[in-house]
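Below: one structure, written as structure tokens.
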Amino acid sequence: MTGSHADPRAVAETSHTEGAEDLAEIRASVAEVLDGQADLRRTHEVMVGEQGYDPLLHELLTAELGLLGLVVPEHLGGLGLDVPAATAVIEELGARLVPGALATSLTAILAARALGPSAEPLLARVVDEQLTLAVALAEDGAGWDLEQTATRATGAGDEWALTGTKTLVAGAEAARVVLVTARNPGGELGVYAVDRAADGVDVRTHMTLDQTRRLSTVHLRGAAATRVDAPGGDGARLLLDHVRAMLALESAAAARACLDITVDYLKVREQFGRPIGSFQALKHRCADLAVAVAGARATADHLVTTLRTGAATRSHDAALAKLVCADTLMTVAAEAIQLHGGIGFTFEHHAHLFFKRGKSAQLLAGSPTAVRAEVAALAGL
């Protein structure tokens with residue numbers, strides 16, 4: 001790539017334990033590419049296209065920058081960086097509402113890495129074959145409640161067959177492998193990797209409220225699969241926690257970007273011969289939003305630390321962060337529409353993209369009501 005920012009692979013070659021400067025270089029290199037090829041105007045074009053994402057941008061970020069291997073261990077062919085490296089990329093994608101499967105892939109890779117040795121063959125394939133991944137958890141009637149998972153897995157060892165239907169699968173339109181939660185004949189819930197091209201796999205992608213993130217229904221009819229979590233573990237729960245983490249990170253970053261766009265507008269829009277941003281009432285509204293955004297940022301940062309250290313509070317922190325950050329994005333986006341005046345209500349403006357992403361983030365991986373109840377239970381309340 002061109003420019004003064006470092007290629008993430010160069011950072012990995014010079015530092016096996018990335019520090020603040022290394023993370024800043026990784027973030028800057030990704031931001032440079034996205035600013036040049038994935039700004040919000042481009043998102044408007046891509047989201048209404050047939051594919052729903054930009055294949056050329058995906059190729060640049062994965063094949064040329066090697067982002068799929070960012071946190072894959074070195075002995076499996078990856079760059080061997082830690083959780084903050086992947087979460088920095090997810091945040092940059094979220095700030096620009098970039099359509100596609102890269103954020104969901106990095107999320108699935110982080111989860112697979114946490115699953116331990118059983119997932120190592122999949123992680124090696126991610127690097128060797130440049131696999132993009134999606135995560136399939138929800139089901140009709142069960143929603144995101146793992147206890148109600150009805151998808152069945154039959155078989156043993158390395159050979160399994162899955163039957164069932166998964167809904168609200170993000171990133172499946174561009175994914176080559178889907179991580180699916182299913183129950184074996186003994187009733188144990190596990191995580192299985194299914195190649196999208198395998199016989200018995202049917203993916204139907206839908207345009208939903210959030211046009212920047214298409215959702216798919218994945219029908220499985222005896223589809224060949226490989227189990228990627230260890231028996232007796234909490235692989236399914238770990239997968240859900242990481243999806244919630246992705247939503248939190250994206251939402252916190254998008255809230256910051258949406259506020260920045262709004263403040264920039266208030267500085268140039270004039271009324272009565274003055275920029276409207278100089279009006280005290282609007283300053284107060286922006287100050288309140290800035291406080292909320294800072295709170296969401298702190299919540300997301302704490303979650304990254306939790307994921308990096310493997311703290312026992314992972315499920316609680318992921319659920320709480322999803323709530324706080326998604327709600328913050330909704331608040332900021334709603335205010336942005338109002339503060340932009342008449343133009344903020346138009347389809348051509350960017351404000352509605354943030355609003356729709358905020359609403360989808362609130363509903364994915366558990367509704368606000370369900371997740372609040374879960375947070376209370378995890379906190380012992």
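The values are calculated or read from the model by the stated rules, or taken from the named source; none is laboratory data. In this text the structure is predicted, and so the values were computed from the model without any measurement. FYI the Cβ positions are ideal-geometry reconstructions off the backbone, even for glycines, and counts take in every protein chain you see. Side chains are part of the model used for accessible areas, which takes the heavy atoms of the whole protein and leaves out ligands, DNA and RNA. Shrake-Rupley method; radii C 1.70, N 1.55, O 1.52, S 1.80 Å.
Couple of notes before you dig in:
- First in region 136-151 and farther than 21 Å from T104 by Cα, second anywhere and in a loop (DSSP other than H, G, I, E, B) and among the polar types (S, T, N, Q), Cβ under 7 Å, 6 or more apart: A142/T149
- The selection criterion, being outside any helix (DSSP H, G or I) and either within 17 Å of R27 (Cβ to Cβ) or hydrophobic (A, V, I, L, M, F, W, C) (or both), holds for V72.
- The requirement of being more than 28 Å from I109 (Cβ to Cβ) and buried (at least 17 other Cβ atoms within 10 Å of the Cβ) is fulfilled nowhere in region 302-322; no residue meets it.
- For first residues located in region 105-116 and closer than 10 Å to H242 by Cα and of a type outside the set (G, A, S), partners that are open to solvent by 10 Å² or more (accessible area, probe 1.4 Å) and not in a helix (DSSP H, G or I) and lie 6+ apart or on another chain with Cβ distances below 8 Å form the pairs T107/V135.
- Of all residues in region 192-223 being open to solvent by less than 60 Å² (accessible area, probe 1.4 Å) and of a type in the set (G, A, S), the one that is nearest to V46 (Cα to Cα): S216
- Boolean, A287 is within 21 Å of A248 (Cα to Cα) and part of a helix (DSSP H, G or I): no
- Pairs where the first residue, in region 46-70, is in contact (Cβ under 8 Å) with a residue 12 or more places away in the chain and the second is of a type in the set (D, E), C-beta under 6 Å, 6+ apart: V46/D54; G52/E173
- Scanning region 245-270 for residues being among the hydroxyl-bearing types (S, T, Y) and either open to solvent by less than 10 Å² (accessible area, probe 1.4 Å) or at pLDDT 95 or above (or both) gives a total of 2.
- Matching residues, region 152-186, being closer than 21 Å to P231 by Cβ and among the basic types (K, R): R152, R183
Conditions tested, residue by residue: (1) in contact with a Pro (Cβ under 8 Å, 6 or more places away or on another chain); (2) at pLDDT 95 or above; (3) basic (K, R).
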| residue | (1), (2), (3) |
| --- | --- |
| G190 | yes, yes, no |
| A198 | no, yes, no |
| V201 | no, yes, no |
| R237 | no, yes, yes |
| V243 | no, yes, no |
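- Flag for L282 being free of Cβ contacts under 8 Å to residues at least 60 places away in the same chain and either surrounded by 14 or more Cβ atoms within 10 Å (Cβ to Cβ) or not in a loop (DSSP other than H, G, I, E, B) (or both): yes
- In summary, helices (runs of 4 or more DSSP H) completely within region 1-61 and bearing 1 or more residues that are at pLDDT 90 or above and either under 20 Å from G94 (Cβ atoms) or β-branched (V, I, T) (or both) occur at 20-37, 40-47, 55-59.
- All positions within region 337-381 that are surrounded by fewer than 17 Cβ atoms within 10 Å (Cβ to Cβ), closer than 17 Å to D260 by Cα and touching a residue at least 60 places away in the same chain (Cβ under 8 Å): G341
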